[in-house]
Each structure stands twice: as structure tokens, then as C-alpha cells.
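Data block below; observations after.
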Amino acid sequence: MKQIKLFSPATIANLSCGFDVMGLCLDGVGDKMIVRKSDQKGIRITRIEGADLPLETEKNVAGVAGLALLKKLNVNFGFEIEIYKKIKAGSGIGSSSASAAGAVFGMNELAGRPFTRKELVEFAMQGEVLASGSAHADNVAPALCGGFTIVRSSSPLDIIKIDSPSELYATVVHPQIELKTSEMRAVLTPMIPLKSAITQWGNVGGLVAGLYTSDYELIGRSLQDVIVEPLRGPFIPNFNEVKEAAVKNGALGSGISGSGPSIFALSKGFNTAQKVAESMRSIFEKTTIPFEIHVSKINSEGVKII
Ligand code: HSE
């Protein structure tokens, strides 16, 4: 195998209550990438389409993640990477993670698959450090492993994958303003009241239990965030209105996707997810803000060869 073409999916991190630890993988929304073997050692980003991103390996999230993996690979060849971006930077659906996950996944395949998908998270996280200044794995883990993932610990890395209840669908609206993750992390407070922490970990436990038992109502009740959302919500246009409309139209729950500005909702069944999408559309159609809406089932596979 000389080269592979990949679909590298978008992801929703945090899922309301699980800041920096929970995430899910979307289907049908993502980037395409080509990773190929090269006689020239090292990594070269040879093409980027769809976004204005640096080609220099050390300045590109795919390059940096790839370099972290390359150090551990025992290969006598190098790699070329082409990136065809569909996920916009600063969208809140894991744009940098998709590039980083695709790079390490592709390189690992071409090197004979020495690492598991979970093991690749460690390398892909280096891309997040470059993109946002923090080594969180809640986007790269679902991008690589698929389904829902929990980052029980990021050092040492301990990722748990949960398969998704079969009728769960995500609706995501992306108002096309850019919110930088680093800036949206800077608005957070490092200390939280014990009362809020208790509410939050009650919801995390409820969400995980709901996913394992396919208890859709429990999943919905648990999609609450009393810590991060109150601080970030005001930066997102129409956030409260969209959230309210989503739930009114049948969504189990709704919240900020990653660090925003995208807003997600989870629903039972495609038809409800579609109805939720229409309610989001009617809100943004009344504004001058350009937006995109995605309805997606949960992608249980993660990044894949196409
Ligand atoms: N957990 C991260 C944050 C995700 O919310 O800052 C960033 O995409």
C-alpha cells in the first residue's frame, strides 16, 4: 500500500456536562485526506484545500500530530499529507482534531498498523496543543475511536469507548462566526463551587448510564452543564433561543458543541433530529449570520479508509 484516502470525521466534544472528557463522533460531516509514503524522510503537507492553513509541518496540526507519531515509528520512509477541509476552523465540531486524527491514522496504516486507535490518541493530542494550547482529547478520541468516548484520564491516557444507542441522532447548527478554543478556554474560571461540581458529576454519571442502557430520557435529563455553558453561552448568537427551540421540537437535550459557536442537540430518531434542524434553521434564517446545519447519526467507526 503506497497511499490511502481517508474520511476524518467531525466530532462534538463536552456533550454539555462532560467538559474535556466526553465526546461523540459524527457521520457524513468531516474532512477528506490522502496520506502517502514518500522516499523523502519526515512529513510534508503537500496540499490543503478548503481552508487557509499553514503548509509548514511544525505549524500544522496534522503535521505536529504526525511528527509525534513518526518519532515512535520504525520506518525507513517518510509521509506526504493532503488535506481537503470541509470542517471550518473555529466551528466547535473538531476541525483541528479531524486533521490530527486523520494524519496519525493514515500514517499508522501505511506503517503496518503498529498502534491501536486508542493508542493513536496520544499523538493526535499534540495537534490540539498546537491549535488551542491545551492537550485535551475529547475531540481526537471520538474522531479516532468512533462512538461516544470518555477520557477518564489524559495522563496517563485512559480512553473508554461506549457504543451508541441505535436510534440516537445529532443535529448541529454552525453559525459561521469563528470562536477560538483558546479564547473560549480563557473565559472559564479555574475554581468551581462544590455545589456545581456535584450537579455536574451527577449528570456525567447519568449520561454514561443512559448511553449504556439506551435510556433516552436519562440521556436527555443529563445533558446539562452548570459550569461551562453559563460562561460561554453569551458568546454564541441565539444560543438560548436555539436550545429552547430544539427541546420544544422533541430533542432530548441541547448544548454548546465543543467550545462553540456550534450548538448541538441529541434526538431519538432521524425524523425528530430533522424537525430540530428545521427549528434551528428558522431561527438563523431571521438573522444575517450565515449558518450550516448537519443531521447525523452517530459514527461508531471513527476515521476510516475510503
Ligand atoms: N473540551 C474542549 C473545550 C473542546 O471545550 O475547550 C474544544 O473543542
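The values are calculated or read from the model by the stated rules, or taken from the named source; none is laboratory data. Because the structure is predicted, anything quoted here is derived from the model rather than measured. Backbone-built Cβ (ideal geometry, glycine too); neighbour counts: all protein chains shown. Accessible surface areas use protein heavy atoms only, side chains included; no ligands, DNA or RNA. Shrake-Rupley method; radii C 1.70, N 1.55, O 1.52, S 1.80 Å.
For the reader, a short list of remarks on this structure follows.
- Wholly enclosed strands (runs of 3 or more DSSP E) of the range 9-99 bearing at least 1 residues within 16 Å of the ligand (Cβ to nearest atom) and open to solvent by less than 40 Å² (accessible area, probe 1.4 Å): 22-38
- Applying the condition of being touching a Phe, Trp or Tyr at 6+ places or on another chain (Cβ under 8 Å) and within 12 Å of the ligand (Cβ to nearest atom) to the range 146-188 and asking which residue is farthest from ILE93 (Cα to Cα) yields VAL187.
- None of PHE270, PHE291, PHE284, PHE264 is in contact with a His (Cβ under 9 Å, 6 or more places away or on another chain) and not small (Gly, Ala, Ser) except PHE291.
- Some residue of the range 177-187 being more than 21 Å from ARG44 (Cβ to Cβ) and free of Cβ contacts under 8 Å to residues at least 40 places away in the same chain: yes
- Taking helices (runs of 4 or more DSSP H) as the structural unit, those lying wholly within the range 205-306 and holding at least 1 residues that are of a type outside the set (D, E, K, R) and surrounded by 23 or more Cβ atoms within 10 Å (Cβ to Cβ) correspond to 216-222, 239-248, 270-285.
- Here LEU168, LEU130, LEU157, LEU144 are screened, and the one residue that is touching a residue at least 12 places away in the same chain (Cβ under 8 Å) and surrounded by 24 or more Cβ atoms within 10 Å (Cβ to Cβ) is LEU144.
- Close pairs (8 angstrom Cβ cut-off, 6 or more residues apart or separate chains): free of Cβ contacts under 8 Å to residues at least 40 places away in the same chain in the range 218-232, open to solvent by 30 Å² or more (accessible area, probe 1.4 Å) and more than 14 Å from the ligand (Cβ to nearest atom) anywhere: LEU218/ALA209; VAL226/THR199
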